[in-house]
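Beneath this line is the structure, given in structure tokens, with notes to follow.
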Amino acid sequence: MAIDEERWGVDLRLLGDLERQNDRQRGSDLFTTRRPETGQFDLETVTGGDNLKQSLLLRFLTPQGELALLGHPTYGSRLYELLGELNIERTHNRAKMFVLQVLADEPRVKQVLSVTVTQNRADRTQMDVDIWLTPIDSDTPLNLVFPFFLERSA
């Protein structure tokens, strides 16, 4: 087992874009890959830093309480509460608070170095969330940037 797998685990790939993901894309959760040694298809996995990024993105993109019936009432984030709000400093501050709450719940995050929330220059309904953190068992910072839209997509 590789060091990154031991540190941060292995999981199925559920998100296509770990750099700019902004939607859960329900109904198309699993990805496949071709195994070079056999030519057969298998479910794609994520390991190391990508696994941590995916885990955090899934928490951010899941409304808190959505998994309560499955025994996880606090899983997710409160970012959905910002839908319909103006893209102003007060909203950015609330988004930062909701992001920090999620990061505090993730046991693989050792330290949050910074969380910055800004209005996207090209889309007034989009906030860009930029996170720098230090994962457990690492001194190398990890960067995660994702857009959050204040309007529901059609």
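Please give the per residue accessible area of the stretch 28-154, computed with a probe of 1.4 Å over protein heavy atoms only, in Å². Provide the component values of the computation, followed by the final result.
On the way: 7250 Å² over 127 residues.
Computed with neighbouring chains in place, this is 57 Å² per residue.
Need one value: the accessible area of residue 108 in square angstrom, 1.4 angstrom probe, rounded to the nearest 10.
Surface accessible to solvent at residue 108 totals approximately 40 Å².
Take the Cβ-Cβ distance between residue 124 and residue 35 as r, set R0 to 41 Å, and report the resulting FRET efficiency rounded to the nearest 0.05. Spell out each step's value before the answer.
Values: r = 45 Å, r/R0 = 1.10.
The formula returns an efficiency of 0.35 here.
Specify whether the C-alpha gyration tensor of the stretch 54-135 places it in the rounded, prolate or oblate class, a ≥ b ≥ c being the square roots of the eigenvalues: rounded for a/c under 1.5, otherwise prolate if a/b is larger than b/c and oblate if not. Can you show the working numbers first?
Working: a/c = 2.30, a/b = 1.29, b/c = 1.78.
Oblate.
The values are calculated or read from the model by the stated rules, or taken from the named source; none is laboratory data. Since this is a predicted model, take the numbers as computed values, not measurements. Every residue, glycine as well, gets a Cβ built from its backbone with ideal geometry; the counts of neighbours run over all protein chains shown. Only protein heavy atoms, including side chains, enter the accessible area calculation; ligands, DNA and RNA are left aside. Shrake-Rupley method; radii C 1.70, N 1.55, O 1.52, S 1.80 Å.
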